[in-house]
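K.L.:
Take a look at this one; I'll ask things after.
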Amino acid sequence: MCYDDYRPRMSVAQLGKLAASRLEALRAEGEELHPVVNTSKKLASHFWGAAWMRHLAQCEAGGLSLAPGRTLLRHGCVLDLRISPGQITARVSADELYDVHLRITPFDEEQTEALQQACSGRIDSLVALLEGNIDAAVLEQLCAPETGLLPAPADWKMRCTCPDWTEPCPHAAAAIYAAGCLVDADPSLLFTLRCVDPSILLAAPAAPASPDSFDAASLGATFGIDLDFE
């Protein structure tokens, strides 16, 4: 039996109010949280975030149940979300407060080399790569369903403290959509997630750097957005 078959039903308005109350209480207790709220129709406005959302739409069309996650996101139920190499962690408010842990299969050496070959001599700058302002054929390779940077359903390993047996549960789905919102704001996080240093894809690679060491202020200026999710 699926958890949704017997859990108490709450309206989206009730879910939103409960989430706001929990967020306030947790912060009053001194917890440092990074909530993600996005009420826009498209959920993303820049290339990599939009590519993430299109990819999720294709997964939904293939039978993956993700719509409940969009509802939770849009009503402020993602109280905390962090992206690090190979994983996403989140706290999602619903009828209870749940902890979500998503592990994403990192790129192996063969996959990374394939990307390097596809991009060889065709990307001039890191900014152009993060903006998606590069050759269309290269973008197609980078976004390919099976070999690109966007995680396929088989790449996700999900764990949630809720009793729902479905995969993804609504709380994991909310975390996946919220991660796309962060990628939209800071595209370097996609490379961090997949454990790929974007500098290796440039025509003239810069000195090796950690994929999560980018200057948020500089990226924020580039995309015209505030990268502070507090």
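K.L.:
Select from the stretch 153-180 the residues that are assigned to a loop (DSSP other than H, G, I, E, B) and in contact (Cβ under 8 Å) with a residue 40 or more places away in the chain and write down the one among them that is nearest to Thr192 (Cα to Cα). Spell out the reasoning first.
P.N.:
Taking the stretch 153-180 and keeping what is assigned to a loop (DSSP other than H, G, I, E, B), we get 161-169.
Going one step further and asking which of them are in contact (Cβ under 8 Å) with a residue 40 or more places away in the chain, we end up with 161-166, 168-169.
Details: Thr161: 25, Cys162: 27, Pro163: 30, Asp164: 29, Trp165: 29, Thr166: 28, Pro168: 22, Cys169: 24 Å.
So, considering only residues that are assigned to a loop (DSSP other than H, G, I, E, B) and in contact (Cβ under 8 Å) with a residue 40 or more places away in the chain, the one nearest to Thr192 (Cα to Cα) is Pro168.
K.L.:
Hey, could you check the stretch 19-51 for residues that are open to solvent by 40 Å² or more (accessible area, probe 1.4 Å) and part of a helix (DSSP H, G or I) and say which is nearest to Cys77 (Cα to Cα)?
P.N.:
Filtering first and then ranking leaves Ala20.
K.L.:
Within the stretch 123-143, which residues are assigned to a loop (DSSP other than H, G, I, E, B) and surrounded by 15 or more Cβ atoms within 10 Å (Cβ to Cβ)?
P.N.:
The first filter runs over the stretch 123-143 and keeps only residues assigned to a loop (DSSP other than H, G, I, E, B), leaving 123-125, 132-135, 143.
Correct list: Ile123, Gly132, Ile134, Cys143.
K.L.:
Of everything in the stretch 52-73, what is in a helix (DSSP H, G or I), of a type outside the set (D, E, K, R), more than 15 Å from Ala154 (Cβ to Cβ) and out of contact with any Phe, Trp or Tyr (no Cβ under 9 Å at 6 or more places or on another chain)? Give them in sequence order. Walk me through how you get there before you give the answer.
P.N.:
From the stretch 52-73, those in a helix (DSSP H, G or I) are 52-61, 67-73; that's our starting set.
Next cut, of a type outside the set (D, E, K, R) only: 52-53, 55-59, 61, 67-69, 71-73.
Right, trim to more than 15 Å from Ala154 (Cβ to Cβ) and you get 52-53, 57, 61, 67-69, 71-73.
If the condition is that a residue be in a helix (DSSP H, G or I), of a type outside the set (D, E, K, R), more than 15 Å from Ala154 (Cβ to Cβ) and out of contact with any Phe, Trp or Tyr (no Cβ under 9 Å at 6 or more places or on another chain), then Ala57, Ala61, Ala67, Pro68, Thr71 are the ones that fit.
K.L.:
Looking at (1) at pLDDT 90 or above; (2) open to solvent by 70 Å² or more (accessible area, probe 1.4 Å), can you tell me which one Asp108 breaks?
P.N.:
(1)
K.L.:
Tell me, yes or no, whether the stretch 210-221 has at least one residue that is among the small types (Gly, Ala, Ser), modelled with pLDDT of 95 or more and either outside any loop (DSSP other than H, G, I, E, B) or surrounded by 16 or more Cβ atoms within 10 Å (Cβ to Cβ) (or both). Walk me through how you get there before you give the answer.
P.N.:
At the first step, the residues of the stretch 210-221 found to be among the small types (Gly, Ala, Ser) are 210, 213, 216-218, 220-221.
So of that shortlist, the ones also modelled with pLDDT of 95 or more come out as none.
No: the stretch 210-221 contains no residue that is among the small types (Gly, Ala, Ser), modelled with pLDDT of 95 or more and either outside any loop (DSSP other than H, G, I, E, B) or surrounded by 16 or more Cβ atoms within 10 Å (Cβ to Cβ) (or both).
K.L.:
Quick check on the stretch 37-59. Is at least one of its residues more than 15 Å from the chain's Cα centre (by Cα), modelled with pLDDT of 95 or more and of a type outside the set (Lys, Arg)?
P.N.:
At the first step, the residues of the stretch 37-59 found to be more than 15 Å from the chain's Cα centre (by Cα) are 39-41, 58.
Of the ones still in play, those that are also modelled with pLDDT of 95 or more are none.
No, the stretch 37-59 contains no residue that is more than 15 Å from the chain's Cα centre (by Cα), modelled with pLDDT of 95 or more and of a type outside the set (Lys, Arg).
The values are calculated or read from the model by the stated rules, or taken from the named source; none is laboratory data. Everything numeric in this text was worked out from a predicted model, so none of it was measured. Every residue, glycine among them, receives a Cβ derived from its backbone with ideal geometry; neighbour counts consider all protein chains shown. Heavy atoms of the whole protein, side chains included, go into the accessibility calculation; ligands, DNA and RNA do not. Shrake-Rupley method; radii C 1.70, N 1.55, O 1.52, S 1.80 Å.
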